[in-house]
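> Can you read through this structure? Questions will come right after.
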Amino acid sequence: MPPVLKDSSGSVGSPINGALSGVFFSCNTEFDTGLPPNDSPYGAVRFQIPAGRLFSPDTRLYLADFYCMYTPYHYVVLVLAPSGSQGDCFCQDRLPELDPAHNPFLTRTQQEGAEPVYSHAHDVILEVVFAAPVALAHGMLGEISGHMLMSQTTANAKKDPSCKTCNISVGR
């Protein structure tokens, strides 16, 4: 799958809007099973890829956006960029890098001799932008088993200015 240019959805000031290309993934799972949700606002077809194919020791993790849209949930957009790639070079100068093992959104931990363990926050809507092409052979296509939800697009949406969580006031 070739990377596509990020649109202007999300926070107006996000440095990746209209500037970074990537392949976009939802990272949400069901609380009780850890599997992808049965319902989807993204369409009737799902592409699933093992986390290790995208979030390996050779990728860097960046925080790109954090916002809410008058809902109880916050949206978090992370960028995974292969080290040294064009996407990585773009992110290094513009986004805060996150420690892959210690951050509140998406983690990769590994005990010596064991397989990596991947975890994600369940109290946010988490999207990941992989800043490079993704081979279809590394994942699998499937159909959504539940019903289609209304789109949750944030294009041209207005942030909730009263939110105390994602509107950070900076003193002068």
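The numbers here are math on the coordinates, done by the rules we state, and not lab data. As the structure is a computational prediction, the values presented were derived from the model and not from experiment. Here Cβ is always computed from backbone atoms with ideal geometry, including for glycine, and neighbour counts include all displayed protein chains.
> Under a crude label model (7 Å from the Cα following the beta-carbon direction), how far is residue 110 from residue 138 in nanometres?
Computed distance between label sites residue 110 and residue 138 equals 1.5 nm.
> Out of the DSSP beta bridges found with both residues in the range 4-143, what percent are antiparallel (nearest 5)?
80 percent
> I've got another one for you. In a Debye calculation with equal point scatterers on the alpha-carbon sites of the chain and no solvent, what is log10 I(q)/I(0) at q = 0.17 Å⁻¹?
Scattering profile of the chain, log10 relative to I(0): -1.21.
> Oh, and also: Let me make sure I get this right: for the range 1-86, a, b and c are the square roots of the gyration tensor eigenvalues over alpha carbons, sorted descending. Under 1.5 in a/c it's rounded, otherwise prolate if a/b > b/c, else oblate. Which is it?
Working: a/c = 1.61, a/b = 1.11, b/c = 1.45.
It comes out oblate by the Cα gyration axes.
> Okay, moving on. Fewest Cβ neighbours within 10 Å first, please rank 30, 97 accordingly. Could you put the intermediate results ahead of the total?
On the way: 30 12, 97 15.
With the sparsest Cβ surroundings first, the list reads 30, 97.
> Next question, about the same structure. Length gain on complete extension for the stretch residue 167 to residue 123, per 0.36 nm per residue less the alpha carbon to alpha carbon distance? Please list the in-between numbers first.
On the way: separation 44, 0.36 × 44 = 15.84 nm, distance 1.74 nm.
So the extension gain works out to 14.1 nm.
> Given the Cα-Cα distance of residue 85 and residue 33 and 0.36 nm per residue of separation, how much length would full extension add, in nm?
Numbers: separation 52, 0.36 × 52 = 18.72 nm, distance 3.45 nm.
Residue separation times 0.36 nm, minus the Cα-Cα distance, leaves 15.3 nm.
> Hey, another quick one. Run the helix sum for the chain: -39,500 (n - 2.57) per DSSP H stretch of 4+ residues, divided by residue count, reported at 222 nm to the nearest 500 deg cm²/dmol. Don't skip to the answer; put the middle values down first.
Working: 2 runs with 11 residues, N = 172.
One gets -1500 deg cm²/dmol as the mean residue ellipticity at 222 nm.
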